[in-house]
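K.L.:
Can you keep this structure in mind? I'll have questions shortly.
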Amino acid sequence: MKKIVVIGSGAVGSTFAYTVLVKGLANELVIIDINKDKAEGDALDLNHGLLLAQPMKIYAGDYPDCEEADIIVITAGAAQKPGETRLDLMQRNVSIYRQILSEVLKYNKRAIFLIATNPVDILTYITIKLTNLPREQIIGSGTLLDSSRFRYLISEKIKVDPRNIHGLIIGEHGDTELPIWSLLNISGINQDQIVEESRFYLSDEDMEDIYENTKNAAYQIIEKKGATYYAIALSLAKICETILGDQKSIIPVSVYLDDYKGINDVCLGIPSVVGRNGIEMILDIPLSNEEEQKLINSGKKLREFINQIELKPIN
């Protein structure tokens, strides 16, 4: 039996729930939201599609239903406003998370906690500190979505299937994220081996444009339609699939770092081996000197914000 609880039935939570149904990821799916009518409406709507998808028990619940869940996905939180950075959301969402986690811990301390609310790296860190659970159990969606956007934009430029492009965005899921151009390759061909005449060639201007569009993608979408939810729902589903199937996939998720290239006591998006018990290994990927310094700076930036938060573990 595989049980997923999603806390927060807004745009991201409800789209994630739909993705779980379509992919058949669980036997039991619980939707919890402060707006009980919204949660019940989503559950009813999803149940009407069971004949056309996979057998699954789907219902609107409450915190006691977190008991025996394998994964608890938290998407609840204050919405990001147009022009607002992810870090601006910090103070509002910290208080929301304290309330949610204090309730969840009454019923389940063994599940994998998957954090999606922004600023995701800070809230992943806060979840670790508030719950005192093993770090391996708490995962943020990290830079998986950013890496997917990055590969899509490269694919649009060179006209190649993004699945044949191997590239990473690491660091903060936000303004200080960084592309790892030194490791980019097209089906095994490293970027520094590609000559200017090749269709795979990216100029400095191309790379800067791709990076800026990757970093600002969420802002662009929010400005046009108010929120992002399709791609992040797919990202969350991918992480859940990896956990429930014990796939040992390497995913750039937000993880707690302890002396990682000199970075301490923050969570950042770093490629990690993910399995049934959560984080199994954080990869020590080779970076250029410039890339390593940018990653360190990303960690320092988040540390500055974390220092402004008073964190007392939930009793």
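K.L.:
Which value results when the Cα radius of gyration for the range 3-140 is divided by 2.2 N^0.38 Å?
P.N.:
Expressed relative to 2.2 N^0.38 Å, the Cα Rg reads 1.02.
K.L.:
At 1.4 Å probe size, with the rest of the protein present, what percent of the exposed accessible area of the range 191-315 is carbon and sulfur atoms?
P.N.:
The C+S portion of the solvent-accessible surface of the range 191-315 is 46 percent.
K.L.:
Oh, and also: Apply the Karplus parameterisation 6.51 cos²θ - 1.76 cosθ + 1.60, with θ equal to phi minus 60°, to every residue of the range 265-277 and state each ³J(HN,Hα) to the nearest whole Hz, in sequence, with x for glycine and proline.
P.N.:
Taking θ as phi minus 60°, the curve returns 6, 9, 10, 9, x, 9, x, 9, 7, 10, x, 4, 9 Hz for the range 265-277.
K.L.:
Any chance you could give the angle, 0 to 90 degrees and rounded to 10, that helix 120-131 forms with the longest Cα principal axis of the chain?
P.N.:
40 degrees
K.L.:
Could you tell me how many degrees, from 0 to 90 and to the nearest 10, lie between the Cα long axis of helix 11-23 and the main elongation axis, the longest principal axis, of the Cα atoms of the chain?
P.N.:
Computed tilt is about 90 degrees.
K.L.:
Given a Förster distance of 30 Å, report the FRET efficiency between residue 185 and residue 91 from their Cβ-Cβ distance, rounded to the nearest 0.05.
P.N.:
0.15
K.L.:
Right, another one. Suppose the chain between residue 166 and residue 261 were pulled fully straight at 0.36 nm per residue; how much longer would it get relative to their current alpha carbon spacing?
P.N.:
Working: separation 95, 0.36 × 95 = 34.20 nm, distance 2.25 nm.
Going from the current span to full extension adds 32.0 nm.
K.L.:
Sort 12, 255 by accessible area with a 1.4 Å probe, largest first. Numbers along the way, then the final one.
P.N.:
Numbers: 12 35, 255 5 Å².
Sorted descending by solvent-accessible area, the residues read 12, 255.
K.L.:
Ok, one more. How fast does the range 143-307 diffuse by Stokes-Einstein, in µm²/s, taking the Kirkwood radius from C-alpha pairs at 37 °C and 0.692 mPa s?
P.N.:
This corresponds to a translational diffusion coefficient of 197 µm²/s.
K.L.:
Would you mind working out the magnitude of the charge dipole of the chain relative to its Cα centre, with +1 at each Lys and Arg C-beta and -1 at each Asp and Glu C-beta, to the nearest 20 Debye?
P.N.:
About 860 debye.
K.L.:
Can you compute the charge dipole magnitude of the range 28-163 about its Cα centre, using +1 on each Lys and Arg Cβ and -1 on each Asp and Glu Cβ, nothing else charged? Give it in debye, rounded to the nearest 20.
P.N.:
Working: 17 positive and 19 negative charges, 126 e Å.
Taking the Cα centre of the range 28-163 as origin, the dipole is about 600 debye.
K.L.:
Taking the Cα-to-Cβ direction at residue 213 and at residue 37 and moving 7 Å from each Cα, how far apart do the two end points lie in nm?
P.N.:
Output for this residue pair reads 4.2 nm.
K.L.:
Would you please give the residues with an amide H less than 5 Å from that of residue 57, counting only those at least 5 places away or on a separate chain, with H modeled from the backbone geometry?
P.N.:
Distant-sequence amide H within range of residue 57: 28, 29.
K.L.:
Separate question: How compact and how long is the range 111-176, expressed as Rg and Dmax of its alpha-carbon atoms in Å?
P.N.:
14.8, 47
K.L.:
Rounded to the nearest 0.05, what FRET efficiency do residue 309 and residue 27 give with R0 = 35 Å and r taken as the Cβ-Cβ distance? Could you check?
P.N.:
0.40
K.L.:
While we're on this one: Going by amide H atoms built from the backbone, whose H comes under 5 Å of the H on residue 266, apart from near neighbours?
P.N.:
Under 5 Å from the amide H of residue 266: 257.
K.L.:
For helix 144-158, what angle does its Cα long axis make with the longest principal axis of the chain, in degrees from 0 to 90 and rounded to 10?
P.N.:
Once rounded, one gets 40 degrees.
K.L.:
Is the chain rounded, prolate or oblate when judged by the Cα gyration tensor, a ≥ b ≥ c being the square roots of its eigenvalues, rounded requiring a/c under 1.5 and prolate requiring a/b larger than b/c?
P.N.:
Since a/c reaches 1.5 and a/b is larger than b/c, the shape of the chain is classed as prolate.
K.L.:
Could you pull the accessible area for residue 48 with a 1.4 Å probe, rounded to 10 Å²?
P.N.:
Here the accessible area works out near 130 Å².
K.L.:
On to the next question. Counting helices only, and only those DSSP H runs with n ≥ 4, report the 222 nm mean residue ellipticity of the chain as the sum of -39,500 (n - 2.57) divided by its residues, in deg cm²/dmol to the nearest 500.
P.N.:
Using -39500 (n - 2.57) per qualifying helix, the result is -12500 deg cm²/dmol.
K.L.:
Along the Cα→Cβ direction, 7 angstrom out, place labels at residue 296 and residue 78. What is the inter-label distance in nm?
P.N.:
Placing both labels 7 Å beyond Cα along the Cβ direction yields 3.3 nm.
K.L.:
Report residue 68's accessible area, 1.4 Å probe, all protein chains in place, as a number in Å² to the nearest 10.
P.N.:
For residue 68, solvent-accessible area is about 140 Å².
K.L.:
Report the Cα centroid-to-centroid distance between the range 197-218 and the range 242-282 in angstrom, as an integer.
P.N.:
The range 197-218 and the range 242-282 have Cα centres separated by 27 Å.
K.L.:
Please give the net charge around residue 276, taking every other residue with its beta carbon less than 10 angstrom from that of residue 276, where Lys and Arg add +1 and Asp and Glu add -1.
P.N.:
Surrounding charge for residue 276 is -2.
K.L.:
Enumerate the amide H contacts of residue 62 below 5 Å, restricted to partners 5 or more residues apart or on another chain; note that Pro and chain-start residues carry no placed amide H.
P.N.:
none
K.L.:
Work out the charge dipole of the range 3-140 with +1 on the Cβ of Lys and Arg and -1 on the Cβ of Asp and Glu about the Cα centre, then indicate which of 56, 132, 4 is farthest towards its positive end.
P.N.:
132
The values are calculated or read from the model by the stated rules, or taken from the named source; none is laboratory data. Note that the structure is a prediction, hence the values are computed from the model and not measured. Every residue, glycine among them, receives a Cβ derived from its backbone with ideal geometry; neighbour counts consider all protein chains shown. Surface accessibility is based on the protein's heavy atoms, side chains included, excluding ligands, DNA and RNA. Shrake-Rupley method; radii C 1.70, N 1.55, O 1.52, S 1.80 Å.
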